[in-house]
Amino acid sequence: MNTSLQYALVQDMSWQNLADWQTPDTPFMSFEFWQALNDTGAIGDKAGWLPIFILVHRVEEQDLAQAESALDITQPVAVMPVFIKDHHRGEFVFDYAWAQAYARYGIDYYPRLVTSIPYTPITGERFWLAQGERLDTEIVTTAIAGIDDIAEQVGASSWHGLFATSKLAALATTAMPADNVVDMAAIAAEASEVGLEELTSHLPVLERQGCQFLWQNKNLLENERAFTDFDEFLMTLTAKKRKTIRAERRKVAAQGITCSRKCGDKISDEDWQAFYHCYVMTYAVRGQKPYLSIDFFVALAQSMPEHLMLAQAYDSSNEIIASSLFLYDNIDNDNSTLYGRYWGALADYDSLHFELCYYQGLEFAIEQGLEYFDPGTQGEHKLIRGFIPTTTHSLHRIYDPRFVPAISNFCTDDRMRMAQYRKQAHEALPFNADNMPKFDVNK
């Protein structure tokens, strides 16, 4: 029997009980991570991250009416999170200039809609998929119809899908291309004569691209096998860069500092308190409050300890002076990755940030046989330590057609600039000739 896809809008996470869901591609899309965000107030109205979940589901063609509630849905397919926001904090893809352009014309840019992992610049899936489902154009276009519905209800200026996979970016931009943006002004002039559904059908999904740095556990000289230890990785770098890294590690030791790593249940309550003290200091030096509470990290420790690694630095009195918290995939996951996310130190120590956030992570990734290490957003200092420039994707849907041509041109120019930047960054990689990865403009 023929079926069709529809969407329902859900404000809580009760939809989790409607299907057997696929294991997400990163720990940051796990239900445990999102439950911790919700239970500790990291998301919600008070946090300025008000969630709505778009539940895509199948209906039989002879009964195309919407179910009365999400709990009536019998064939769930996928769920996409959307946040209603009146700020840009915790996003890491910046559209301040667009907000300023709206303000110059006396038009509200807020609220705006965002699909992302809050406070976390991680590329990955933005849908939870039911078992047996695969992301395709029909699912994506149905979800975008749900986004458009939310935008109409709350008067949102735009939607922003941040750190999307290349697959999602291709599906969305192909389904709703930017081919006809030159006609947007004419469409805007006729907006009073057409309904919202007709108007939004002309609006494209625009793509921006950025750059992050990703380490890969591959010895290219040895048939791309994983490294056996940190020294073997160092041997793939030029002599000058090897010398620099070894010198940085010696500087840490010369200050009487030692480092250790703990995983999962080995991280004690005292360790969490010490970590959070360090984490808060990262924000305090900038006069800010931290995004996340100690309760959030304790919740992670209780619900998903198998994904946590804590690197700690001790002074000569054996007191903890810095901490860095990592999350990591199961080793049997495709593209298993270590994610460096949360760091802080009680004072400024020479080269300690490099040691605790990068070198300890590299050693751990090699020991565990993880394929990649994502150390976080921004920072060309990652590049010279063997982290390879890679493309990030963000998606944008602008609901005022008068602004679409200019923003579309900006996105096109920005993609060209970022492609050139990634090429230049790749040329600055510190690998010797035998281990220099090939540049791919599409990655």
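Of the residues contained in segment 328-336, none is found to be surrounded by fewer than 22 Cβ atoms within 10 Å (Cβ to Cβ) and part of a helix (DSSP H, G or I).
How many residues does segment 413-443 contain that are more than 30 Å from residue 237 (Cβ to Cβ) and free of Cβ contacts under 8 Å to residues at least 40 places away in the same chain? Lay out the reasoning, then the answer.
Of segment 413-443, the ones more than 30 Å from residue 237 (Cβ to Cβ) are 413-416.
Next cut, free of Cβ contacts under 8 Å to residues at least 40 places away in the same chain only: 413, 416.
So the answer is 2.
Among the conditions (1) under 24 Å from the mean Cα position of the chain (by Cα); (2) within 17 Å of residue 357 (Cβ to Cβ); (3) modelled with pLDDT of 95 or more, the only one that residue 230 does not satisfy is (1). Of the residues making up segment 284-306, not a single one is of a type in the set (D, E, K, R) and buried (at least 16 other Cβ atoms within 10 Å of the Cβ). Residues of segment 368-396 that are assigned to a helix (DSSP H, G or I) and in contact with a helix residue (DSSP H, G or I) (Cβ under 9 Å, 6 or more places away or on another chain): 383, 384, 385.
Going by the conditions given, is residue 203 at pLDDT below 95, surrounded by 14 or more Cβ atoms within 10 Å (Cβ to Cβ) and assigned to a loop (DSSP other than H, G, I, E, B)?
Details: at pLDDT below 95: yes; surrounded by 14 or more Cβ atoms within 10 Å (Cβ to Cβ): yes; assigned to a loop (DSSP other than H, G, I, E, B): yes.
When the stated conditions are applied, residue 203 passes them.
Consider segment 55-68 and keep the residues that are at pLDDT below 60 and exposed (fewer than 11 other Cβ atoms within 10 Å of the Cβ). The one that is nearest to the chain's Cα centre (by Cα) is 68. The single condition among (1) out of contact with any strand residue (DSSP E or B) (no Cβ under 6 Å at 6 or more places or on another chain); (2) in a helix (DSSP H, G or I); (3) closer than 21 Å to residue 167 by Cα that residue 440 does not meet is (2).
Of the residues making up segment 258-311, those that are in a helix (DSSP H, G or I) and either closer than 25 Å to residue 47 by Cα or of a type outside the set (Lys, Arg) (or both) number 31. Here residue 290 meets each of (1) touching a strand residue (DSSP E or B) at 6+ places or on another chain (Cβ under 7 Å); (2) closer than 19 Å to residue 90 by Cα with one exception, condition (1). Taking segment 111-140 as the range and being in a loop (DSSP other than H, G, I, E, B) and more than 15 Å from the chain's Cα centre (by Cα) as the test, the residues that pass are 111, 131, 132, 133, 134, 135, 136. Taking the criterion of being without any contact (Cβ under 8 Å) to a residue 60 or more places away in the chain, crowded, with 17+ Cβ neighbours inside 10 Å and part of a strand (DSSP E or B), the residues of segment 30-54 that qualify are 50, 51, 53. Does residue 417 satisfy the condition of being part of a loop (DSSP other than H, G, I, E, B), under 30 Å from residue 108 (Cα atoms) and out of contact with any strand residue (DSSP E or B) (no Cβ under 8 Å at 6 or more places or on another chain)? The answer is no for residue 417. When residues in segment 391-411 are screened for being closer than 30 Å to residue 430 by Cα and modelled with pLDDT under 95, 0 of them pass.
The values are calculated or read from the model by the stated rules, or taken from the named source; none is laboratory data. Keep in mind it's a predicted model, so treat the numbers as computed, not measured. As a convention, Cβ positions derive from the backbone with ideal geometry for all residues, glycine included, and neighbour counts pool all protein chains shown.
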